Structure formats: structure tokens, C-alpha cells
Amino acid sequence: MVFDVIIGRSKSDVQKYGKDGTVLIGKQYVKMGQTTSLSNPVYLDVAGAHVVFIVGKRGCFVGDTKIKLTNGKNISFKDLVEDYKQGKEYYCYTLKHDGSVGKENIINPRITEKNAEVLKLTFSNNYEVVCTLDHKFMLKDLSYKEAKDLNKEDDLKSINGEKIFVIKKEIKKEKDDVYDIEVQNTHNFALDSGVIVHNSGKSYTMGSIAEGLADLPLDIKQNLSIVLLDTMGIYWTMKYPNYQDAELVRQWGFEPRGLDVKIYTPTGFYYQYKDEGIPTDFPFSLRPIDVQPHDWCQAFSINPNSAEGVLITKIVQDLGKKGESYPIDRIIDAVVHDTESEKVVKNVIINEYKKAKGWEIFSEQGTPLKDIVAPGQVTVLDVSPYATMASGWETKALVVGLICRTLFNQRMLARKTEEFKSVDAAMHYFSRRVEQKMEEPLVWIAIDEAHELLPKDGKTAATDALITILREGRQPGISLILASQQPGKIHTDVMTQSDVVLAHRLTARIDVEALGQLTQSYMRQGLERELDMLPRVKGAAVLFDDANERIFPVQMRPRFTWHGGGSPLAIPEKKEYFSKGLKALKEF
């Protein structure tokens with residue numbers, strides 16, 4: 001018997017509200033004997049406030065693996081990591097969505113796991129590569145296959161059209177440290193052997209939830225807003241239909257279509273994006289007066305108790321006392337005219353603020369928060385332009401921290417008004433079906449690569465604001481979706497505060513052990529076994545539902561909007577709807 005599974009909603013609330021205020025996210029895997037099949041539809045409650053943690057697997061290469069660069073040279077992952085710290089930029093070959101070879105900037109090279117199990121592949125062109133068992137290689141038909149599953153019959157995609165296949169596989173006895181990079185927009189790159197591989201995958205599920213929120217009935221949607229803090233530049237594609245998976249999308253009862261998402265780009269990049277035809281709707285800027293002294297210190301990697309940190313605190317506090325908004329130039333001018341600090345200290349601070357001015361995200365007016373968090377709106381706040389900067393994550397953290405702190409304060413004030421008007425709605429935001437809008441919508445904030453902003457060790461300019469929302473955000477009606485491929489490196493509060501966790505198969509021991517902190521008494525079997533029992537298909541996951549103390553193996557539904565982190569577009573001639581879809585996409 002098929003029945004609805006509603007995640008994040010208690011049985012008593014399910015009886016009261018049914019599926020109102022929920023979004024379809026997938027179907028449950030049901031095992032009968034040796035047969036596993038998809039059965040019950042799985043919905044997520046979005047009417048109440050939740051902390052949702054999404055974790056995914058990752059595949060990586062050993063440090064001496066080389067990437068083919070567009071300057072004619074090759075560079076190893078180890079050298080990339082060191083050069084990136086010094087601000088050097090490199091471009092790799094990549095396969096674009098239209099199937100042509102292009103170039104993209106390499107960002108965020110890093111060690112992803114120490115002492116990982118690795119596999120040695122020998123190719124028909126005499127090149128060798130050592131990688132984790134699950135790293136994805138592109139085939140000639142533009143699909144992907146994990147390293148451990150490759151065989152001689154698999155024709156690998158190469159940038160020069162050379163026929164390449166695996167002639168030998170060998171699991172190494174010795175474990176090794178492994179590395180990965182990120183490639184914006186296309187999410188694939190060429191190794192020195194010429195074969196094309198996938199980089200770290202991005203969150204597909206966050207886009208699915210955003211789609212569901214945009215599809216809710218008006219009486220519920222008008223009281224909700226979702227903000228996708230896009231650190232990697234992949235969510236602008238939600239404006240376009242997913243013709244790539246049109247057949248699969250229709251099997252799930254949807255039609256490929258785009259959404260009217262609102263894309264905000266930092267002011268300094270907005271007009272550049274417009275000129276280059278990159279989708280964006282509005283410029284976005286922050287007011288320097290809203291940045292606290294400790295935020296500046298975090299962004300500049302300066303100790304607040306150092307001479308430089310003390311000077312920043314003094315200047316920012318003095319300017320703030322006047323109660324007037326100001327540009328960054330006024331901070332620089334105040335530092336120049338300070339008579340109590342040494343010249344060297346002043347020069348350090350001046351240089352840092354000049355660098356911040358170059359981020360081109362600060363203005364005296366700033367962007368009103370009400371424009372970003374509008375009722376019924378899906379907003380993409382694109383901070384990916386900073387990905388190629390040496391201090392890119394510090395900049396992103398500053399933006400995320402300010403947005404989250406301001407949202408929390410705003411919702412706290414709004415919640416007091418709502419409780420005063422309707423005390424009986426305090427336990428559930430939609431317990432009374434009213435037609436009027438809330439004065440301030442309930443907010444869903446979605447953040448990818450969350451371990452970079454909320455690390456287990458150390459702090460960023462976003463840490464305090466995010467921890468506040470994790471611990472206290474549900475009461476005023478702020479939901480948080482955090483996605484990471486490295487749960488072992490994320491703040492422990494994420495583990496303890498999440499009430500909905502969606503875990504794809506994990507390969508790193510540190511990540512399995514970290515996710516094990518979520519284990520509750522209601523788990524019937526070990527976490528690792530639950531993950532291992534998942535069907536080896538794209539989108540399979542284990543779903544933890546703390547409201548009902550249950551675990552569900554699920555298959556995530558396909559997106560009906562275009563996924564910016566997906567594979568390049570394959571257009572087999574025999575499938576006419578693909579060519580029609582591509583034509584429609586170009587005309588969209």
C-alpha cells in the first residue's frame with residue numbers, strides 16, 4: 001500500500017494539516033526480499049522552521065596528478081594548492097554545456113582527505129592516474145562513470161577526440177592523501193592524459209527544495225521567502241527549463257520549466273555580467289556601517305587584540321556613533337588622520353580597506369533587505385565572483401554573516417508582533433489558515449560548501465551569525481539548509497541542531513564518523529550499513545527525520561529547472577525532444 005511520507009512533521013500535525021505546506025523531494029525505497037523498488041512519495045515540511053543538513057560524496061586525486069592547462073603546461077594538485085595561496089591563477093580545459101571545449105578558471109584547490117583508499121588506472125595512451133574509487137570520469141556519450149566501474153569497453157571522453165580506455169585497474173595497498181579542485185559553470189576538467197573528469201559535485205537537492213517552495217499555493221507561498229547564497233555560481237540556471245532530463249522529469253509528473261528567480265550580483269560585477277550576457281537582475285551592495293569591527297578583523301585575518309585590530313575597532317565605533325551611513329573612503333580617511341597609532345599599523349589597515357574597496361560590494365546606500373527577502377520570492381544572491389580571489393572565502397563569509405545576522409534580528413522583531421496578534425499560532429506557523437500576508441515572510445536560507453563558512457576549527461565572519469540561527473533561528477521562523485561534501489570539517493553544532501539530514505553515499509572515513517554523531521537510538525542498523533545498502537544510482541540518499549525518529553532510504557526527484565552543477569548536455573539524434581528542448585532553451 002502506497003502512503004505519503006512527510007519529513008519534519010509530527011504525526012499529529014500530519015493529521016491536522018495533511019500535505020499542506022510540503023514539497024515533494026523524492027520517493028522511498030522499499031525492499032521486499034531481494035527486490036528494491038521505489039514506492040512512497042516523500043515530502044518535506046516547509047511551513048515550519050527546520051535545520052536541514054545535506055551531505056554528499058566526493059572523489060579526488062593524489063597530489064602528483066597533473067591537470068592540463070590552457071597555457072600549454074601541466075600542473076600537479078600539490079603545486080596548485082601552494083600557488084593558489086599566493087594568488088596565482090590558472091585555467092583548465094573543460095567541456096561546455098553545448099559540447100564544445102572551452103576554458104575555465106581553477107578555484108579552491110585543496111586536500112579533501114588524508115589516508116584515503118585509492119585506485120590506479122592505466123589508460124590505453126600509456127598515462128596513469130591514481131584517484132579515489134568513486135571519482136567520476138566522462139564517457140564519450142557525455143555520461144559519467146566512477147573509476148572503480150570503468151572497463152575496456154568504456155570509451156572515455158578526451159579533449160582532442162583521441163580514443164582512450166582503461167587497460168588496467170589496481171587498488172593500491174597504500175593509502176594516500178587526495179586533492180580536488182572546483183570549476184565553475186561546467187564542473188569538469190581535463191587531466192594531462194586528455195581525459196575529462198568531474199570536479200566536486202554541487203548541491204542538487206537545495207535546488208529541488210527551492211523549486212518546491214516556488215510551486216506552493218499562494219496562501220502559503222506569500223508567507224515564505226527563500227534565499228540561495230550562491231557561493232559557486234550555479235543557481236542562475238534555475239531561470240531555465242531542464243530539457244536535458246525532460247523524459248525523466250515527465251515520469252515524475254513535472255514539466256521542464258524555468259522559474260522567475262531574482263538574481264542579485266555584487267555591484268562591481270553587475271554591469272560586467274550584463275555586458276557579457278550572464279543572467280542577473282539586480283546589483284547588490286552592503287553598507288560599511290553595518291559591518292562590525294570583529295567582522296572586519298575576520299575578513300582581513302587580523303587579530304582583534306593586535307594593534308591593527310584595536311585601531312579598526314576604534315575607527316569603526318567612532319564612525320558608528322554618528323549614526324550616519326558612510327563609504328569605505330571615510331574609514332580610510334579616519335585611519336590616515338589617526339594620531340595615536342604607528343605609521344606601519346596605519347598602512348596595514350589602509351591597504352586592507354583599499355583591498356575591500358576593490359571587492360566592489362560596499363556602498364553608502366546598500367541594498368534594502370526587504371528587496372532580497374520578498375514574500376513568495378526565490379532569490380539567488382550570487383557571491384561566486386569572489387571565488388577566484390585569494391581572499392574569496394573571507395569576502396563570502398562577510399556577506400553571509402551580515403545577511404544572516406540582519407535577517408535574524410528582523411525576524412525576531414516580526415515574531416513578537418505575530419505572537420501578539422495570534423498566540424495560538426506560536427506552536428505552528430500555519431495552524432490557522434489565514435489569507436492575509438505576514439508582515440515579514442518566514443525565511444529559508446540555503447548555503448552550499450557550508451564547511452567553508454562554518455568550519456569545525458577556527459572562525460569566519462559568518463560563524464557567529466550562523467550558529468545563532470542554528471541554535472535559535474527556528475523560534476522566529478528562520479530555516480537553514482546547509483550543504484557540504486565534508487561533514488567531518490563542519491562545526492559540530494550542525495550535527496547537533498539539524499532535525500532533517502539527507503546523506504548521499506560517503507567515501508571518506510572522517511565524514512562517515514562525523515555523520516555518526518547524528519546517530520540516535522531510533523536507528524535500527526549502523527549508519528555505514530544504511531549508506532552502503534543504497535542503490536548505486538544518482539540521487540539515492542538516506543534521510544534522517546528527527547520529528548518521527550525514522551530513517552528513510554530515498555531517491556531524490558529530478559529538477560524541472562536546469563541544474564548548473566550538472567554534466568554537459570548530451571543530445572542523441574534519436575531523441576527529438578532534446579533538440580526541440582535545446583532550441584526552446586535558446587529562445588527562452
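The values are calculated or read from the model by the stated rules, or taken from the named source; none is laboratory data. Source: prediction; values computed, not measured. With ideal geometry, Cβ positions are generated from the backbone for all residues, glycine too; neighbour counts draw on all protein chains shown.
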Just for region 344-379: of the residues that are out of contact with any Ser or Thr (no Cβ under 9 Å at 6 or more places or on another chain) and among the aliphatic types (A, V, I, L, M), which one is surrounded by the most Cβ atoms within 10 Å (Cβ to Cβ)? Val348
List pairs: first residue in region 6-17 and under 12 Å from Asp45 (Cα atoms), second residue assigned to a helix (DSSP H, G or I) and at pLDDT 90 or above anywhere in the structure, Cβ distance under 7 angstrom, at least six positions apart or on different chains. Ile6/Val14
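Just checking, does region 262-271 include any residue being outside the structural domain of Lys459 (by TED's automatic domain parsing), modelled with pLDDT of 95 or more and within 19 Å of Trp359 (Cα to Cα)?
As a first pass, look at region 262-271 and keep what is outside the structural domain of Lys459 (by TED's automatic domain parsing): none.
Checked against the condition, which is being outside the structural domain of Lys459 (by TED's automatic domain parsing), modelled with pLDDT of 95 or more and within 19 Å of Trp359 (Cα to Cα), region 262-271 yields no hits at all.
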Looking only at region 18-34, and only at residues there that are surrounded by 13 or more Cβ atoms within 10 Å (Cβ to Cβ) and modelled with pLDDT under 90, the one that is nearest to Pro553 (Cα to Cα): Tyr29
Would you mind stating whether Gly48 is at positive phi and in the same structural domain as Phe254 (by TED's automatic domain parsing)? no
Filter region 156-175 down to residues that are assigned to a strand (DSSP E or B) and either without any contact (Cβ under 8 Å) to a residue 24 or more places away in the chain or touching a Gly at 6+ places or on another chain (Cβ under 8 Å) (or both), then give me how many there are. 2
Please determine whether any residue of region 342-353 is within 30 Å of Glu449 (Cα to Cα), charged (D, E, K, R), over 23 Å from the mean Cα position of the chain (by Cα) and in the same structural domain as Pro293 (by TED's automatic domain parsing). yes
Residues in region 287-327 that are more than 27 Å from the chain's Cα centre (by Cα), assigned to a helix (DSSP H, G or I) and among the acidic types (Asp, Glu) total 2
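Name the residues in region 125-155 that are farther than 24 Å from Gln485 by Cβ and in a strand (DSSP E or B), would you?
Of region 125-155, the ones farther than 24 Å from Gln485 by Cβ are 125-128, 140-141, 151-155.
Glu128, the sole residue that qualifies.
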Is there any pair with a first residue in region 354-383 that is farther than 14 Å from Val291 by Cα and a second that is among the β-branched types (Val, Ile, Thr) and in a loop (DSSP other than H, G, I, E, B) whose Cβ atoms are under 8 Å apart and which are 6 or more apart or on different chains, and what are they? Val378/Val261; Thr379/Val261; Thr379/Val373; Val380/Val261; Asp382/Thr280; Val383/Thr231
Region 32-41, residues that are without any contact (Cβ under 8 Å) to a residue 24 or more places away in the chain and more than 30 Å from the chain's Cα centre (by Cα): Met32, Gly33, Gln34, Thr35
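Looking at region 97-118, which of the residues that are charged (D, E, K, R) and closer than 13 Å to Val183 by Cβ is surrounded by the most Cβ atoms within 10 Å (Cβ to Cβ)? Break it down into steps so the answer makes sense when it comes.
Of all residues in region 97-118, those charged (D, E, K, R) come to 98, 103-104, 110, 113-114, 117.
Checking which are closer than 13 Å to Val183 by Cβ leaves us with 103-104.
Details: Lys103: 16, Glu104: 20.
Step by step, filter region 97-118, then rank; the result is Glu104.
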Could you list, in sequence order, all residues of region 308-325 that are closer than 24 Å to Thr460 by Cα and either buried (at least 16 other Cβ atoms within 10 Å of the Cβ) or hydroxyl-bearing (Ser, Thr, Tyr) (or both)? Glu308, Gly309, Val310, Leu311, Ile312, Thr313, Lys314, Ile315, Val316, Leu319, Gly320
Do you know which residues across region 1-15 are surrounded by 13 or more Cβ atoms within 10 Å (Cβ to Cβ) and among the basic types (Lys, Arg)? Arg9
In region 227-265, which residues are more than 29 Å from Leu38 (Cα to Cα) and of a type in the set (Lys, Arg)? Lys239, Lys262
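Each row is one residue, and each column tells you yes or no for (1) in contact (Cβ under 8 Å) with a residue 24 or more places away in the chain; (2) exposed (fewer than 15 other Cβ atoms within 10 Å of the Cβ); (3) outside the structural domain of Glu452 (by TED's automatic domain parsing).
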position	(1), (2), (3)
Lys120	yes, no, yes
Asn126	no, yes, yes
Lys136	yes, no, yes
Asp141	yes, yes, yes
Tyr144	yes, no, yes
Leu150	yes, no, yes
Val178	yes, no, yes
